[in-house]
Amino acid sequence: MEEKLARRRRVVLVPAPAQGHITPMLQLARALHFKGFSVTVAQTKFNYLNPSTDLSDFQFVTIPETLPESDLKNLGPGRFKELLSQLLVNEEEEEIACVIYDEFMYFVEAAVKEFKLRNVILSTTSASAFVCHFVMCKLYAKDGLAHLKEGDGREEELVPELNPIRYKDLPTSVFASVECSVELFKNTCYKGTASSMIINTVRCLEMLSVEWLQQELEIPVFPIGPLHMVVTAPRTSLLEENESCIEWLNKQESSSGVYISLGSMSLMETKEVLEMASGLVSSNQHFLWVIRPGSVLGSEMSEEELVRKMVTLDRGYIVKWAPQKQVLAHSAVGAFWSHCGWNSTLESLGEGVPMICRPFTTDQKGNASRGGPRKKINWGQKVANEV
Ligand code: UDX
């Protein structure tokens, strides 16, 4: 018995291979490690995060499968089961307390079930987005989501089950058809054997959605975010952060500048980039602009050349990737022109930075409809107690 009590406890975390999903999963990892758990992170080869020294407390393992460009359908439970059985070899010394997987890595559930381990879902999008996924599946079963059919013109109407969300704000993707999105949501919304669900959100922002999910899923749902404020967030960027922008911000006056970043996946037409640049120039504001490599479509010039053509560089600073949380916390930043990814939204709300919203796809449309407060919200202590 004593021997059993002395056994350490490990959690296995399975993030989806995208920046906006890896980051909150590793923030959760840090919070759990802080509580005394050992942590194993199971990554795919696609978008593999090279563990920095900042993450040296965690064990990193690779799911033995080549994932072609984020195609989750090809990553069945088989390979994950193989990996899990290897991790269970050490069960004598270290018990696996549970497996926590991203909502989009739903195939993990079948493997975990076979080993009779406890499994928990982490939703890295908002609770409201998850509710929309459910409703989209229902509407699709009813009439194939006829409101969204091209040329129908009814996409402006309110979705009765989700009032005041309009059909056009439903989390459809620019990267996939409505059918494919619904197929994916059917898997993530499946009422399986997960023992609970953790959401990177805050109860006071999404109380109704959290309660709705709890009833629908019939499992406990814990809103434990914003995770980046629960513990000191580890460095989790897939791209190298350009720290020089902080030095540039240090030279600017308080609340004098706009920070522009459209996240890790958004793509823009050259025309729109030029339009943005022209607006920034005529605004007479200082600005820090993140232009991710490969994010501008239809241009022969590199993104940087393109923007340099348009902007007065002594008022603007352009980087490929920024230390965003540090930027938003900087006193020189007065506004955030954002694509409204859920992490960016929480990070901005946490620092009380007003947002200019330019959503591109999926949940970003719904996130954009929730304005942010102008005063910094002091969530830190409250959430630390909840974890
Ligand atoms: C997408 C969805 O839009 C989002 O809602 C979902 O939850 C995850 O997938 P993404 O485009 O990655 O997200 O945006 P977001 O959720 O905002 O995540 C981006 C992360 O990258 C943020 O944590 C942000 O701080 C970070 N970032 C962004 C940087 O560190 N540097 C940058 O220059 C830009």
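The values are calculated or read from the model by the stated rules, or taken from the named source; none is laboratory data. Since the structure is predicted, the reported quantities are computational estimates derived from the model, not experimental observations. Please note: Cβ atoms are built from the backbone with ideal geometry, for glycine as well, and neighbour counts cover all protein chains shown.
Odds and ends about this structure:
- Taking segment 114-160 as the range and being closer than 18 Å to residue 177 by Cα and of a type in the set (Val, Ile, Thr) as the test, only 135 passes.
- Count of residues meeting criterion [farther than 19 Å from residue 358 by Cα and either at pLDDT 85 or above or outside the structural domain of residue 254 (by TED's automatic domain parsing) (or both)] in segment 294-309: 0
- Residue that is nearest to residue 171 (Cα to Cα), among those in segment 320-364 that are surrounded by fewer than 23 Cβ atoms within 10 Å (Cβ to Cβ) and among the aromatic types (Phe, Trp, Tyr): 360
- Where strands (runs of 3 or more DSSP E) fall wholly inside segment 148-266, the ranges with 1 or more residues that are within 14 Å of the ligand (Cβ to nearest atom) and in contact (Cβ under 8 Å) with a residue 60 or more places away in the chain are 196-199, 257-261.
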